[in-house]
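Engineer: Got a structure here, written out as structure tokens. Questions coming.
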Amino acid sequence: IKDLASDLVAMAQATDGLIEAVYHPDYLFVWAVQWHPEHMYQSTVSKQLAQKFIQACRDRKKL
């Protein structure tokens, strides 16, 4: 992502400055990533992403 929409927030950048992950602060779990975490399931970042998603789903059920 080169140009980010004003309502999104960058949360990961490549070494060349391009944005690789974003979120929307006004929603429970609106995240977008520029990679395939399902193919990189053993990486720490992908595991953390999955854990955050699962926790957001659990939190949503409590509402």
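Engineer: What is the set of long-range amide H partners of residue 8 at a cut-off below 5 Å, with H atoms built 1.01 Å from backbone N?
Structural biologist: Placed amide hydrogens put nothing under 5 Å from residue 8.
Engineer: Separate question: Tell me, what is the Rg over Rh of the chain, with Rh the Kirkwood radius over Cα pairs?
Structural biologist: Ratio value, two decimals: 1.00.
Engineer: To continue, here is another question. Roughly speaking, to the nearest percent, how much of the range 1-44's 1.4 Å accessible area is carbon and sulfur?
Structural biologist: It is 53 percent, rounded to a whole number.
Engineer: If you don't mind, another one. Using only the heavy atoms of the protein chains and a 1.4 Å probe, how would 46, 6 rank by accessible area, largest first? Mind dumping the intermediate values first?
Structural biologist: Numbers: 46 10, 6 125 Å².
Largest accessible area first, the residues go 6, 46.
Engineer: Right, another one. What is the set of long-range amide H partners of residue 30 at a cut-off below 5 Å, with H atoms built 1.01 Å from backbone N?
Structural biologist: Sorted by chain and number, the residues that satisfy this are 24.
Engineer: Averaged per residue, what accessible surface does the chain expose to a 1.4 Å probe, in Å²?
Structural biologist: 83 Å²
Engineer: Using the crude model of +1 on Lys and Arg Cβ and -1 on Asp and Glu Cβ, and no other charge, please compute the dipole size for the chain relative to its Cα centre, in debye to 20.
Structural biologist: 460 debye
Engineer: Can you give me the long-range amide H partners of residue 40? Hydrogens built in the peptide plane at 1.01 Å from N, cutoff under 5 Å, separation of 5 or more residues or another chain.
Structural biologist: Here nothing satisfies the definition.
The values are calculated or read from the model by the stated rules, or taken from the named source; none is laboratory data. Only a predicted model underlies this, so the values are computations on that prediction, with no experimental measurement involved. A quick note on method: Cβ atoms are made from the backbone with ideal geometry, for glycine too, and the neighbour counts reach across all protein chains shown. The accessibility values were calculated without ligands, DNA or RNA, using every heavy atom of the protein model including side chains. Shrake-Rupley method; radii C 1.70, N 1.55, O 1.52, S 1.80 Å.
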